[in-house]
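The values are calculated or read from the model by the stated rules, or taken from the named source; none is laboratory data. Bear in mind the structure is a predicted one, so any value in this text is a computation, not a measurement. Virtual Cβ from ideal backbone geometry, glycine too; neighbours counted across all protein chains shown.
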(Lines give C-alpha, C1' and ligand atoms only; values in the text may rest on other atoms or scores of the structure.)
Protein backbone atom coordinates (compact mmCIF):
# COMPACT_ATOMS: atom_id res chain seq x y z
CA UNK A 1 0.00 0.00 0.00
CA UNK A 2 1.37 3.36 -1.03
CA UNK A 3 1.77 5.91 1.83
CA UNK A 4 0.24 9.32 1.18
CA UNK A 5 2.24 12.45 2.08
CA UNK A 6 1.29 14.27 5.34
CA UNK A 7 1.50 13.94 9.13
CA UNK A 8 0.49 11.03 11.22
CA UNK A 9 -1.89 11.43 14.15
CA UNK A 10 1.02 10.97 16.53
CA UNK A 11 3.00 13.70 14.83
CA UNK A 12 0.00 16.06 14.95
CA UNK A 13 -0.52 15.42 18.68
CA UNK A 14 3.16 16.04 19.39
CA UNK A 15 3.04 19.28 17.35
CA UNK A 16 -0.07 20.46 19.22
CA UNK A 17 1.53 19.74 22.58
CA UNK A 18 4.65 21.67 21.60
CA UNK A 19 2.52 24.59 20.37
CA UNK A 20 0.53 24.61 23.60
CA UNK A 21 3.75 24.54 25.61
CA UNK A 22 5.22 27.45 23.66
CA UNK A 23 1.94 29.37 23.93
CA UNK A 24 1.89 28.80 27.69
CA UNK A 25 5.44 30.10 27.96
CA UNK A 26 4.52 33.18 25.92
CA UNK A 27 1.43 33.89 28.04
CA UNK A 28 3.42 33.45 31.25
CA UNK A 29 6.13 35.76 29.98
CA UNK A 30 3.56 38.35 28.87
CA UNK A 31 1.73 38.18 32.20
CA UNK A 32 4.97 38.54 34.11
CA UNK A 33 6.04 41.46 31.93
CA UNK A 34 2.65 43.13 32.32
CA UNK A 35 2.80 42.67 36.11
CA UNK A 36 6.31 44.10 36.23
CA UNK A 37 5.27 47.04 34.07
CA UNK A 38 2.24 47.79 36.29
CA UNK A 39 4.43 47.65 39.40
CA UNK A 40 7.04 49.94 37.83
CA UNK A 41 4.40 52.44 36.71
CA UNK A 42 2.74 52.56 40.12
CA UNK A 43 6.01 52.93 42.03
CA UNK A 44 7.10 55.68 39.65
CA UNK A 45 3.74 57.43 40.11
CA UNK A 46 4.02 57.23 43.90
CA UNK A 47 7.57 58.57 43.91
CA UNK A 48 6.65 61.44 41.60
CA UNK A 49 3.64 62.35 43.76
CA UNK A 50 5.83 62.19 46.87
CA UNK A 51 8.26 64.71 45.39
CA UNK A 52 5.42 67.02 44.33
CA UNK A 53 3.75 66.84 47.74
CA UNK A 54 6.95 67.50 49.67
CA UNK A 55 7.73 70.46 47.42
CA UNK A 56 4.19 71.80 47.88
CA UNK A 57 4.30 71.60 51.67
CA UNK A 58 7.77 73.09 51.81
CA UNK A 59 6.72 76.06 49.68
CA UNK A 60 3.44 76.67 51.50
CA UNK A 61 4.88 76.36 55.01
CA UNK A 62 8.17 78.18 54.49
CA UNK A 63 6.73 81.61 55.41
CA UNK A 64 4.72 80.55 58.48
CA UNK A 65 5.21 83.23 61.13
CA UNK A 66 6.13 85.99 58.65
CA UNK A 67 4.08 89.20 59.00
CA UNK A 68 6.12 91.82 57.25
CA UNK A 69 8.85 92.08 59.84
CA UNK A 70 7.57 95.19 61.64
CA UNK A 71 3.89 94.80 62.49
CA UNK A 72 1.42 92.07 63.36
CA UNK A 73 -1.96 91.36 61.72
CA UNK A 74 -3.80 92.19 64.96
CA UNK A 75 -2.81 95.84 64.48
CA UNK A 76 -5.10 95.85 61.43
CA UNK A 77 -8.07 96.04 63.83
CA UNK A 78 -7.50 99.79 64.00
CA UNK A 79 -8.36 100.11 60.28
CA UNK A 80 -11.39 99.13 58.20
CA UNK A 81 -11.32 95.39 57.46
CA UNK A 82 -12.63 93.59 54.36
CA UNK A 83 -15.94 91.79 54.86
CA UNK A 84 -15.30 88.11 55.66
CA UNK A 85 -16.05 85.66 52.86
CA UNK A 86 -19.23 83.62 52.83
CA UNK A 87 -18.48 80.14 54.15
CA UNK A 88 -15.24 81.32 55.76
CA UNK A 89 -13.02 78.66 57.33
CA UNK A 90 -13.50 79.36 61.02
CA UNK A 91 -12.96 77.55 64.29
CA UNK A 92 -15.76 79.15 66.30
CA UNK A 93 -13.93 78.63 69.61
CA UNK A 94 -10.38 79.54 68.66
CA UNK A 95 -10.28 81.67 65.56
CA UNK A 96 -11.90 84.64 63.81
CA UNK A 97 -11.35 83.32 60.28
CA UNK A 98 -9.68 84.96 57.30
CA UNK A 99 -9.38 88.38 58.92
CA UNK A 100 -8.90 89.59 62.50
CA UNK A 101 -12.01 90.43 64.48
CA UNK A 102 -12.38 92.44 67.68
CA UNK A 103 -12.85 90.22 70.74
CA UNK A 104 -11.65 87.05 68.95
CA UNK A 105 -8.29 85.41 68.52
CA UNK A 106 -6.57 85.28 65.13
CA UNK A 107 -4.88 81.86 64.86
CA UNK A 108 -2.24 81.69 62.13
CA UNK A 109 -1.42 77.95 62.34
CA UNK A 110 -3.90 75.28 63.37
CA UNK A 111 -4.46 71.55 62.84
CA UNK A 112 -7.28 69.23 63.82
CA UNK A 113 -8.50 65.67 63.28
CA UNK A 114 -11.57 65.44 61.07
CA UNK A 115 -14.70 63.94 62.53
CA UNK A 116 -18.08 63.40 60.92
CA UNK A 117 -20.02 66.32 59.51
CA UNK A 118 -18.86 69.78 58.55
CA UNK A 119 -15.34 70.87 59.59
CA UNK A 120 -14.13 74.46 60.18
CA UNK A 121 -17.47 75.67 58.81
CA UNK A 122 -16.14 75.32 55.24
CA UNK A 123 -15.37 71.61 54.69
CA UNK A 124 -18.52 69.57 54.08
CA UNK A 125 -17.04 66.05 54.00
CA UNK A 126 -13.43 65.47 55.02
CA UNK A 127 -12.22 61.88 55.42
CA UNK A 128 -12.96 60.99 59.04
CA UNK A 129 -9.78 60.41 61.01
CA UNK A 130 -7.64 62.37 58.58
CA UNK A 131 -6.06 65.67 59.64
CA UNK A 132 -6.77 69.24 58.56
CA UNK A 133 -4.11 71.96 58.40
CA UNK A 134 -4.92 75.68 58.36
CA UNK A 135 -2.35 78.42 57.94
CA UNK A 136 -2.29 82.17 57.40
CA UNK A 137 0.83 84.04 56.34
CA UNK A 138 2.34 86.59 54.02
CA UNK A 139 4.35 85.76 50.95
CA UNK A 140 7.94 86.87 51.21
CA UNK A 141 8.20 89.54 48.51
CA UNK A 142 6.54 92.98 48.90
CA UNK A 143 4.46 94.27 45.99
CA UNK A 144 4.10 97.79 44.62
CA UNK A 145 0.53 99.16 44.58
CA UNK A 146 0.67 99.29 40.78
CA UNK A 147 1.50 95.57 40.60
CA UNK A 148 -1.26 94.25 42.89
CA UNK A 149 -3.32 91.36 41.51
CA UNK A 150 -7.06 91.77 41.50
CA UNK A 151 -7.70 88.31 42.99
CA UNK A 152 -5.55 88.89 46.11
CA UNK A 153 -5.62 90.70 49.42
CA UNK A 154 -2.51 92.34 50.83
CA UNK A 155 -1.26 93.43 54.24
CA UNK A 156 0.05 96.97 54.34
CA UNK A 157 2.83 97.11 56.92
CA UNK A 158 4.38 100.11 58.58
CA UNK A 159 6.26 100.39 61.85
CA UNK A 160 3.16 101.99 63.42
CA UNK A 161 0.31 100.06 61.82
CA UNK A 162 -0.92 97.36 59.46
CA UNK A 163 -4.11 97.00 57.45
CA UNK A 164 -5.60 94.59 54.91
CA UNK A 165 -6.04 96.14 51.45
CA UNK A 166 -6.58 95.24 47.81
CA UNK A 167 -5.70 96.92 44.54
CA UNK A 168 -8.73 99.23 44.75
CA UNK A 169 -8.20 100.40 48.32
CA UNK A 170 -7.66 104.09 48.93
CA UNK A 171 -4.59 105.60 50.52
CA UNK A 172 -2.07 103.17 49.03
CA UNK A 173 1.43 104.53 49.50
CA UNK A 174 4.48 103.48 47.50
CA UNK A 175 6.55 104.08 50.62
CA UNK A 176 4.80 101.27 52.51
CA UNK A 177 5.29 97.53 52.10
CA UNK A 178 2.44 95.47 50.66
CA UNK A 179 2.78 91.73 51.12
CA UNK A 180 0.37 89.22 49.48
CA UNK A 181 -1.77 87.59 52.16
CA UNK A 182 -2.90 83.96 52.08
CA UNK A 183 -5.32 81.94 54.18
CA UNK A 184 -5.07 78.23 53.25
CA UNK A 185 -6.71 75.05 54.50
CA UNK A 186 -5.52 71.58 53.44
CA UNK A 187 -7.65 68.49 53.97
CA UNK A 188 -8.48 65.08 52.47
CA UNK A 189 -11.72 64.15 50.76
CA UNK A 190 -13.05 61.14 48.87
CA UNK A 191 -13.88 61.83 45.22
CA UNK A 192 -15.37 59.44 42.70
CA UNK A 193 -13.07 58.52 39.82
CA UNK A 194 -14.83 56.15 37.44
CA UNK A 195 -16.39 53.37 39.50
CA UNK A 196 -14.23 53.83 42.60
CA UNK A 197 -13.55 56.40 45.32
CA UNK A 198 -10.18 58.13 45.42
CA UNK A 199 -8.69 60.01 48.41
CA UNK A 200 -7.72 63.48 47.20
CA UNK A 201 -5.71 66.29 48.79
CA UNK A 202 -7.91 69.40 48.72
CA UNK A 203 -7.18 73.07 49.35
CA UNK A 204 -9.42 75.92 50.45
CA UNK A 205 -8.00 79.41 50.00
CA UNK A 206 -9.01 83.01 50.43
CA UNK A 207 -9.44 84.90 47.17
CA UNK A 208 -10.96 88.14 45.90
CA UNK A 209 -13.78 87.56 43.43
CA UNK A 210 -14.76 89.56 40.34
CA UNK A 211 -17.14 91.71 42.39
CA UNK A 212 -14.27 92.71 44.68
CA UNK A 213 -15.45 90.72 47.70
CA UNK A 214 -13.72 87.99 49.65
CA UNK A 215 -14.49 84.37 48.75
CA UNK A 216 -13.22 80.89 49.59
CA UNK A 217 -12.18 78.85 46.55
CA UNK A 218 -11.71 75.06 46.48
CA UNK A 219 -9.03 73.18 44.53
CA UNK A 220 -8.18 69.51 44.04
CA UNK A 221 -4.42 69.34 44.52
CA UNK A 222 -3.36 65.69 44.25
CA UNK A 223 -5.03 62.30 43.85
CA UNK A 224 -4.10 59.39 46.09
CA UNK A 225 -3.17 61.18 49.33
CA UNK A 226 -4.73 58.78 51.83
CA UNK A 227 -3.57 60.12 55.21
CA UNK A 228 -1.88 63.21 56.64
CA UNK A 229 -0.45 63.46 60.15
CA UNK A 230 1.30 66.39 61.81
CA UNK A 231 3.52 66.85 64.85
CA UNK A 232 4.54 70.25 66.19
CA UNK A 233 7.73 71.38 67.90
CA UNK A 234 6.94 73.75 70.77
CA UNK A 235 9.15 76.39 72.38
CA UNK A 236 7.42 76.69 75.75
CA UNK A 237 9.70 79.35 77.30
CA UNK A 238 10.15 81.60 74.23
CA UNK A 239 13.94 81.20 74.05
CA UNK A 240 13.96 79.88 70.47
CA UNK A 241 14.77 76.31 71.51
CA UNK A 242 12.61 73.23 71.08
CA UNK A 243 11.12 71.97 74.37
CA UNK A 244 8.52 69.39 73.32
CA UNK A 245 6.96 67.69 70.30
CA UNK A 246 3.19 67.18 70.25
CA UNK A 247 0.92 65.50 67.72
CA UNK A 248 -2.18 67.30 66.48
CA UNK A 249 -4.54 65.64 68.97
CA UNK A 250 -2.13 66.36 71.85
CA UNK A 251 -1.98 70.13 71.29
CA UNK A 252 -3.74 72.17 74.03
CA UNK A 253 -6.05 74.85 72.66
CA UNK A 254 -3.95 77.71 74.04
CA UNK A 255 -0.84 76.43 72.22
CA UNK A 256 -2.44 77.40 68.89
CA UNK A 257 -2.73 80.99 70.13
CA UNK A 258 1.06 81.16 70.64
CA UNK A 259 0.79 83.88 73.28
CA UNK A 260 2.99 82.14 75.87
CA UNK A 261 4.74 79.70 73.53
CA UNK A 262 5.87 79.39 69.92
CA UNK A 263 5.39 76.65 67.35
CA UNK A 264 8.82 76.60 65.80
CA UNK A 265 8.71 73.53 63.59
CA UNK A 266 6.36 70.93 62.14
CA UNK A 267 6.92 67.34 61.08
CA UNK A 268 4.49 65.93 58.54
CA UNK A 269 3.70 62.38 57.43
CA UNK A 270 1.87 61.66 54.20
CA UNK A 271 0.65 58.25 53.03
CA UNK A 272 0.24 58.07 49.27
CA UNK A 273 -1.81 55.42 47.48
CA UNK A 274 -1.68 54.26 43.86
CA UNK A 275 -4.62 55.41 41.77
CA UNK A 276 -5.59 51.89 40.69
CA UNK A 277 -5.47 48.53 42.49
CA UNK A 278 -3.28 45.67 41.33
CA UNK A 279 -5.25 42.39 41.67
CA UNK A 280 -2.02 40.38 41.95
CA UNK A 281 -0.67 42.52 44.82
CA UNK A 282 -1.85 42.17 48.42
CA UNK A 283 -0.93 44.88 50.91
CA UNK A 284 -0.86 43.92 54.57
CA UNK A 285 1.76 46.46 55.61
CA UNK A 286 1.62 48.63 58.71
CA UNK A 287 2.77 52.22 58.17
CA UNK A 288 4.16 54.14 61.16
CA UNK A 289 3.24 57.84 61.03
CA UNK A 290 4.73 59.31 64.18
CA UNK A 291 2.48 58.31 67.07
CA UNK A 292 -0.11 56.92 64.64
CA UNK A 293 -0.22 53.82 62.49
CA UNK A 294 -2.09 52.88 59.33
CA UNK A 295 -2.80 49.22 58.52
CA UNK A 296 -3.51 48.27 54.92
CA UNK A 297 -5.98 45.47 55.57
CA UNK A 298 -5.21 43.11 52.73
CA UNK A 299 -6.27 45.37 49.87
CA UNK A 300 -4.63 45.62 46.44
CA UNK A 301 -3.18 49.14 46.56
CA UNK A 302 0.50 49.99 46.64
CA UNK A 303 1.43 52.78 49.04
CA UNK A 304 4.37 55.01 49.84
CA UNK A 305 4.97 56.80 53.15
CA UNK A 306 6.89 60.09 53.09
CA UNK A 307 7.78 62.51 55.85
CA UNK A 308 9.52 65.83 56.27
CA UNK A 309 10.48 68.41 58.87
CA UNK A 310 10.03 72.15 58.42
CA UNK A 311 11.62 74.69 60.75
CA UNK A 312 9.78 78.00 61.05
CA UNK A 313 12.57 80.56 61.08
CA UNK A 314 10.11 83.47 61.24
CA UNK A 315 8.46 82.07 64.35
CA UNK A 316 11.79 82.13 66.19
CA UNK A 317 12.63 85.64 65.02
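Taking segment 244-260 as the range and being in a loop (DSSP other than H, G, I, E, B) and under 27 Å from residue 115 (Cα atoms) as the test, the residues that pass are 251, 252, 258. Could you list all residues from segment 296-307 that are at pLDDT below 95 and closer than 19 Å to residue 230 by Cα? None; the set is empty. The residue that is modelled with the highest pLDDT, counting only those in segment 40-73 that are under 21 Å from residue 137 (Cα atoms) and surrounded by fewer than 13 Cβ atoms within 10 Å (Cβ to Cβ), is 55. For segment 251-262, the tally of residues that are exposed (fewer than 15 other Cβ atoms within 10 Å of the Cβ) and without any contact (Cβ under 8 Å) to a residue 40 or more places away in the chain stands at 4. For segment 157-167, state whether one or more residues are closer than 20 Å to residue 60 by Cα, in a strand (DSSP E or B) and at pLDDT 95 or above. No, there is no match, as no residue in segment 157-167 is closer than 20 Å to residue 60 by Cα, in a strand (DSSP E or B) and at pLDDT 95 or above. Checked against (1) closer than 25 Å to residue 81 by Cβ; (2) touching a residue at least 40 places away in the same chain (Cβ under 8 Å); (3) in contact with a strand residue (DSSP E or B) (Cβ under 7 Å, 6 or more places away or on another chain), residue 168 passes all but a single condition, namely (3). When the strands (runs of 3 or more DSSP E) confined to segment 263-317 are screened for residues that are in contact (Cβ under 8 Å) with a residue 40 or more places away in the chain, those reaching at least 3 such residues are found at 303-311.
Inspect segment 89-105 for any residue being part of a helix (DSSP H, G or I) and either modelled with pLDDT of 95 or more or out of contact with any strand residue (DSSP E or B) (no Cβ under 6 Å at 6 or more places or on another chain) (or both) and give the result as yes or no.
Applying the first criterion (part of a helix (DSSP H, G or I)) to segment 89-105 yields none.
Taking every residue of segment 89-105 in turn, none turns out to be part of a helix (DSSP H, G or I) and either modelled with pLDDT of 95 or more or out of contact with any strand residue (DSSP E or B) (no Cβ under 6 Å at 6 or more places or on another chain) (or both).
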